[in-house]
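Please read the structure below before turning to the comments.
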Amino acid sequence: MLGRKLPTFAVAIAMSLGAATAVQAADIGGQCFTGEYRSGLVNYARPDLDAEVQKRYDQAVQTSEAEPVIYSRRHLWTWANETKVSCGKAIGFLKSNEINEEQITQCDCFYGIMFYLAN
């Protein structure tokens, strides 16, 4: 009887730990969603802006695909993917000749979190 309940109990613990880590990751990135933070990248000259956003995207892709990051219990993989998505969107806007300050700021902010967690 105990053998049958233990796996269910273990699953419940694992699910609650997963929810707790998701909340912690959201807390780390909360500054990115307040609307009070504005990236300095938006003031860069266009060629420099394109290069910086692309650099952040490339580093996020590299980080998100690294096996030590994928199999880690840290939040680095999550933030690398968030960075990859937001910078990818910023690149899309830039390719259509639109400087979307919100997307660039989000890209830069998520990159900062990813960089912090990597070091």
Output ordering of 88-96, 39-47, 51-59, 103-111 (per-residue mean of other Cβ within 10 Å, highest first) is 103-111, 51-59, 88-96, 39-47
Semi-axes of region 31-72's equivalent ellipsoid from the Cα gyration tensor, sqrt of 5 times each eigenvalue, largest first, rounded to whole Å? 26, 17, 4
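Quick note: the coordinates plus some simple rules give every number you see, no bench work behind them. Quick caveat, the model's predicted, so the values are computed rather than measured. Quick reminder, even Gly has a Cβ in these numbers, built from the backbone with ideal geometry, and neighbours come from all protein chains shown.
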